[in-house]
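See structure below.
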Amino acid sequence: MTENITAIKEHKHSHPIVFMFLVLPFGISTGYVTVAYSYLFSKAGVPVEEIAALVGASLLPHVIKFLWAPLVDAVFTLKKWYLLSGIITALCIFLTGILPIKESSLPVITLIIVLANVAVSFLGITTNGLAAYDIPPEMKGRVSGYLQAGNLGGAGLGGGAGLWLAQNLPHIWMSTGILAISCALCCFGLFFVREPLSTVRAEKVLHTMQNLFKDIWLTLKSRMGILALVLCFLPLGTGAASNLWSAVAGDWHASANTVAFVTGLMSGLITSAGCLLGGWMCDRMDRKLAYIIFGLLQVICAIAMAYAPHTEIMYIIWTSFYAFSLGLSYAGFSAFVFEAIGKGAAATKFTVYASLSNFPIYYMTLVDGWAHTHYGPSGMLNMEAAFGVVGIVLFLILLASVSKKKKAIVVEPGSYYNRH
């Protein structure tokens, strides 16, 4: 009887909402750069192209984080990695507030922001690894929704609250200090999740690495793995324009308070709602189709905003719709990837896909900045919409091609290893 009770306890899953709080620092660190710093530097007279370069630099570690992701699955525990990365992230956020907001500060601020994003990438890796093990297959969509709600909602919190604090407190370091403390407090969420028993870690590091890379290869060559891999590079559902909303707010005559509210708190709430709805939908329909639909909604929103009057009220309306479509898209992508990776080296495998998926966000942010400089705000939005349509067409072609092939017998990644 005691053994049965123990087994039930061991298989009790954490509520998906826990992962929303664990991933908040990931979003906060991003939001403070893309919203608060973008607006402050824009007001300081820094060109949009240089601001886009700063945002791009903050995204770069997330493009290549698959290089250090195996460390998370190979050494220490997931919870220890989370604590270490959480503390470093909070410290870096605080340090950015010490420097003045002017063009000459950009090199040092960029360096600190890159370091912060390297640290927070480890936090994201560990959170995804914990979720992959702790949530059953039928709830992968739901946990994806909560994770992305924390990610994008945190971005709204970091951006909106960060900008409001920066505007209303006497010193910038006070606003970064409050955000840093908020990030550190998220570590308490670790009390509500369990440390998983790894199926790839062995007594010898060499055996661990062999198990890890075998598991990655098994996932990448599977049908779902290939589809997810291609999806990472397509400019579909990237939400890149949202990285520049505060920088281009002047084109819609939006005030600082409007930018802080709409791209901050309001955006966070709306995006979180999109994430939760998107995750719920992904547990009830084909996740590939769901992602295409979500990406198409974002394309339509960009086109509508380009041709609507460039007024403050239109800025509020269309950035809000864009935020909702962004939540849907991010939840759809995460659900797709969770379905593809199984368990095993889950933290590394999710990171491989997540880091590669930042590549289109990175290049689309640069494309949007370039398009704004050469073709104005409407040209920027039309350019992003055109890239999105191309992404949808390419993915549909790939789906049609894969559907013609015979389905092979699939072994769930990470399910065949024994501990050495």
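The values are calculated or read from the model by the stated rules, or taken from the named source; none is laboratory data. Nothing here was measured: the structure is a model prediction, and the numbers come from that model. No Cβ is skipped: glycine too gets one built from the backbone with ideal geometry, and neighbour counts run over all protein chains shown.
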T238 fails exactly one of (1) of a type in the set (S, T, N, Q); (2) at pLDDT 80 or above; (3) crowded, with 24+ Cβ neighbours inside 10 Å; (4) part of a helix (DSSP H, G or I), namely (4)
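Return the residue satisfying two criteria in turn: it lies in region 301-333 and is free of Cβ contacts under 8 Å to residues at least 40 places away in the same chain and in a helix (DSSP H, G or I), and of such residues it is farthest from G237 (Cα to Cα). Outline the logic, then answer.
Applying the first criterion (free of Cβ contacts under 8 Å to residues at least 40 places away in the same chain) to region 301-333 yields 301, 304, 308-309, 313, 317-318, 321.
Of the ones still in play, those that are also in a helix (DSSP H, G or I) are 301, 304, 313, 317-318, 321.
Values: C301: 11, A304: 16, I313: 24, I317: 19, W318: 16, F321: 13 Å.
Ranking the qualifying residues of region 301-333, first place goes to I313.
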The number of residues in region 111-141 that are at pLDDT below 90 and not hydrophobic (A, V, I, L, M, F, W, C) is 9
Condition (residue is at pLDDT below 85, buried (at least 21 other Cβ atoms within 10 Å of the Cβ) and not polar (S, T, N, Q)) applied to region 243-251: is it met by at least one residue? yes
Among the residues in region 304-312, are any surrounded by fewer than 18 Cβ atoms within 10 Å (Cβ to Cβ), of a type in the set (D, E, K, R) and farther than 27 Å from F338 by Cα? yes
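Has region 325-332 got at least one residue that is modelled with pLDDT of 85 or more, under 30 Å from M209 (Cβ atoms) and surrounded by 15 or more Cβ atoms within 10 Å (Cβ to Cβ)? Before you say what the answer is, go through the steps one by one.
Within region 325-332, the first condition is being modelled with pLDDT of 85 or more, and the residues that meet it are 325-332.
Within this subset, residues satisfying the condition of being under 30 Å from M209 (Cβ atoms) are none.
No: region 325-332 contains no residue that is modelled with pLDDT of 85 or more, under 30 Å from M209 (Cβ atoms) and surrounded by 15 or more Cβ atoms within 10 Å (Cβ to Cβ).
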Answer residue from region 102-117, given it is among the hydrophobic types (A, V, I, L, M, F, W, C) and more than 14 Å from L40 (Cβ to Cβ) and is surrounded by the most Cβ atoms within 10 Å (Cβ to Cβ) among those: A116
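Among the helices (runs of 4 or more DSSP H) lying completely within region 23-134, list those that include at least 2 residues that are of a type in the set (A, V, I, L, M). Walk me through how you get there before you give the answer.
On the way: elements: 24-31, 38-43, 48-64, 69-74, 78-96, 106-134.
Output list reads 24-31, 48-64, 69-74, 78-96, 106-134.
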Within region 180-195, identify whether any single residue is buried (at least 19 other Cβ atoms within 10 Å of the Cβ) and farther than 30 Å from F261 by Cβ, and answer yes or no. yes
Within region 62-111, the count of residues that are more than 13 Å from L123 (Cα to Cα) and basic (K, R) comes to 1
Report, by residue number, each residue of region 168-184 that is closer than 15 Å to F26 by Cα and either touching a Cys at 6+ places or on another chain (Cβ under 9 Å) or small (G, A, S) (or both). A180, S182, A184
When you scan region 83-100, do you find a residue that is of a type in the set (A, V, I, L, M), touching a helix residue (DSSP H, G or I) at 6+ places or on another chain (Cβ under 6 Å), within 30 Å of L197 (Cβ to Cβ) and buried (at least 22 other Cβ atoms within 10 Å of the Cβ), even just one? yes
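Could you please find all residues in region 22-45 being on the phi < 0 side of the Ramachandran plot and surrounded by fewer than 20 Cβ atoms within 10 Å (Cβ to Cβ)?
Initial filter on region 22-45 (on the phi < 0 side of the Ramachandran plot): 22-44.
Once the filter is applied, which keeps residues that are on the phi < 0 side of the Ramachandran plot and surrounded by fewer than 20 Cβ atoms within 10 Å (Cβ to Cβ), region 22-45 yields K43, A44.
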Does region 221-248 hold any residues that are touching a residue at least 24 places away in the same chain (Cβ under 8 Å), more than 14 Å from D368 (Cα to Cα) and more than 20 Å from the chain's Cα centre (by Cα), and which are they? S222, R223, M224, I226
Collect the residues in region 196-219 that are among the hydrophobic types (A, V, I, L, M, F, W, C), closer than 16 Å to A132 by Cβ and surrounded by fewer than 20 Cβ atoms within 10 Å (Cβ to Cβ), keeping them in residue-number order. L197
Can you confirm whether E384 is within 16 Å of F233 (Cα to Cα), modelled with pLDDT of 90 or more and touching a helix residue (DSSP H, G or I) at 6+ places or on another chain (Cβ under 8 Å)? yes
Cβ-Cβ under 7 Å, sequence separation 6+ or interchain: first residue in region 341-355 and at pLDDT below 80 and buried (at least 24 other Cβ atoms within 10 Å of the Cβ), partner among the hydrophobic types (A, V, I, L, M, F, W, C) and not in a helix (DSSP H, G or I). Which pairs? G344/V200; A345/V200
Just one of the numbered conditions (1) more than 16 Å from S85 (Cα to Cα); (2) surrounded by fewer than 24 Cβ atoms within 10 Å (Cβ to Cβ) is not true of L147; which one? (2)
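Quick check: is even one residue across region 188-196 among the basic types (K, R) and in contact with a Pro (Cβ under 6 Å, 6 or more places away or on another chain)?
Here is the first cut: in region 188-196, the residues among the basic types (K, R) are 194.
Next cut, in contact with a Pro (Cβ under 6 Å, 6 or more places away or on another chain) only: none.
Taking every residue of region 188-196 in turn, none turns out to be among the basic types (K, R) and in contact with a Pro (Cβ under 6 Å, 6 or more places away or on another chain).
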Test for G414: is it on the phi > 0 side of the Ramachandran plot and at pLDDT below 90: yes
